[in-house]
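**Q** Below you'll find the structure I mean.
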Amino acid sequence: MGSEMCIRDSLKTKLGLQNKQVLFTPARLHPVKGLDLALTALSELPDEFCYVIAGQGPEEAVLKQQAMALGIAERVKFIGWTDNISQYCYLSDAFLVPSNREPFGSVLLEAWSHRLPLISSDSEGAQAITTADQNALLFKRGDSDELKQQILTLFSDPALQTQLIEQGFKEYQSRYTTQSVLGQYVALYQTLSG
């Protein structure tokens, strides 16, 4: 945990995010990912909130222009593609998945595995693997006001943050780690073999 805190402090300083509430999304910069919606929500949040986006894609210029037009360009950090999202997870206070469409949502597992509170759209993947208000806060796809409200709810309730982190990590450990998946396969095999 000590090295994670060093990475967090160093990266916050490098990106100018000291004393900020950091929201994080790793995503392909594509309209289906709902990043424009997250920028709209951010523009209605207090200045203490900043948004780090890791990824590349065809919408990068459009999203940067939107951030400028909304007056939040200094609060949004486009870091480009990275093979190591862990360092940005350590930096973050919440993990956002604003996707309009997310079939399975392996990105949701990244939030849980890094012990971050998760806020996600009610995409297919999120509905399939999360339990609303237990291990994730969900908002209606395309609704920036509801996203904003979920962010404010999360940051105003430390007990909720702790619950989402603990329950998300518990779900990850029990169903999605290599060990748990192998255990599920063994149980299935034993059932099928009689």
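**Q** For each pair in 33/64; 20/148; 33/170, compute the distance between the two Cα atoms and list the pairs where it is over 24 Å.
**A** Details: 33/64 15 Å; 20/148 16 Å; 33/170 26 Å.
Pairs exceeding the cut-off: 33/170.
**Q** A further question on this structure: Gaussian network model of the chain, Cα springs within a sub-10 Å range: biggest mean-square fluctuation belongs to which of 138, 164, 15?
**A** Looking only at 138, 164, 15, the biggest GNM fluctuation is shown by 15.
**Q** Can you give me the C-alpha center-to-center distance between region 94-109 and region 10-58, rounded to a whole angstrom?
**A** 14 Å
**Q** Once you've got the GNM for the chain with C-alpha springs shorter than 10 Å, pick whichever of 64, 14, 140 has the biggest mean-square fluctuation.
**A** In the Gaussian network model the winner is 14.
**Q** Please build a GNM for the chain, connecting alpha carbons under 10 Å apart, and tell me which residue among 149, 179, 65 fluctuates the most.
**A** 179
**Q** List every residue whose amide H lies under 5 Å from the amide H of residue 21, counting only residues 5 or more places away in sequence or on a different chain, with H placed 1.01 Å from N in the peptide plane.
**A** Excluding prolines and chain starts, which carry no amide H, the hits are 49, 50.
**Q** What length, rounded to one decimal in nm, is gained on full extension from residue 177 through to residue 3, with 0.36 nm per residue of separation minus their alpha-carbon distance?
**A** On the way: separation 174, 0.36 × 174 = 62.64 nm, distance 2.30 nm.
Difference between extended and current length: 60.3 nm.
**Q** Also, quick follow-up: Keeping all protein chains in place, calculate the accessible area per residue for region 59-162 (probe 1.4 angstrom), answer in Å². Can you show the working numbers first?
**A** Details: 4600 Å² over 104 residues.
Spelled out: the 1.4 Å probe surface of region 59-162, per residue, equals 44 Å².
**Q** Summarise the accessible area of the chain (1.4 Å probe, protein heavy atoms) by the percent that is carbon and sulfur. Before the final figure, lay out each step's value.
**A** Working: 4900 of 9790 Å².
Carbon-and-sulfur percentage of accessible area, whole number: 50.
**Q** Another question, if that's okay. When only Cα pairs under 8 Å and 6 or more residues apart are kept, what is the percent relative contact order across the chain? Walk me through the numbers on the way to the answer.
**A** Details: 304 pairs, mean separation 37.9, N = 194.
Value for the chain: 20 percent.
**Q** Pick the calculated Rg/Rh (Cα atoms, Kirkwood Rh) for this structure from [x] 1.00; [y] 1.59; [z] 1.05?
**A** The calculated read-out lines up with [x].
**Q** For region 42-93, what relative contact order do you get, as a whole percent, if you take Cα pairs closer than 8 Å and at least 6 residues apart?
**A** On the way: 41 pairs, mean separation 23.6, N = 52.
RCO, region 42-93: 45 percent.
**Q** To the nearest 20 debye, what is the magnitude of the charge dipole of region 45-112 about its Cα centre, counting +1 on the Cβ of each Lys and Arg and -1 on the Cβ of each Asp and Glu? It would help to have the intermediate numbers written out before the result.
**A** Working: 4 positive and 9 negative charges, 26 e Å.
Using Cβ point charges on Lys, Arg, Asp and Glu, region 45-112 gives about 120 debye.
**Q** Let me ask another. Give me Rg over Rh for region 98-176, both radii from the alpha carbons and Rh done the Kirkwood way, two decimal places. Let's see the in-between values first.
**A** Working: Rg = 11.5 Å, Rh = 12.3 Å.
Value, to two decimals: 0.94.
**Q** Given the options 70, 194, 106, identify the residue whose Cα lies farthest towards the positive end of the charge dipole of the chain (+1 on Cβ of Lys, Arg; -1 on Cβ of Asp, Glu).
**A** 194
**Q** Per DSSP H run of at least 4 residues, take -39500 (n - 2.57); add these up for the chain, divide by its residues and hand me the 222 nm value, nearest 500 deg cm²/dmol. Spell out each step's value before the answer.
**A** On the way: 9 runs with 100 residues, N = 194.
Helix contribution divided over all residues of the chain: -15500 deg cm²/dmol.
The values are calculated or read from the model by the stated rules, or taken from the named source; none is laboratory data. Bear in mind the structure is a predicted one, so any value in this text is a computation, not a measurement. Ideal geometry is used to build each Cβ from the backbone, glycine not excepted, and the neighbour counts take in all protein chains shown. Heads up: the accessible areas ignore ligands, DNA and RNA and are worked out on the full protein's heavy atoms, side chains in. Shrake-Rupley method; radii C 1.70, N 1.55, O 1.52, S 1.80 Å.
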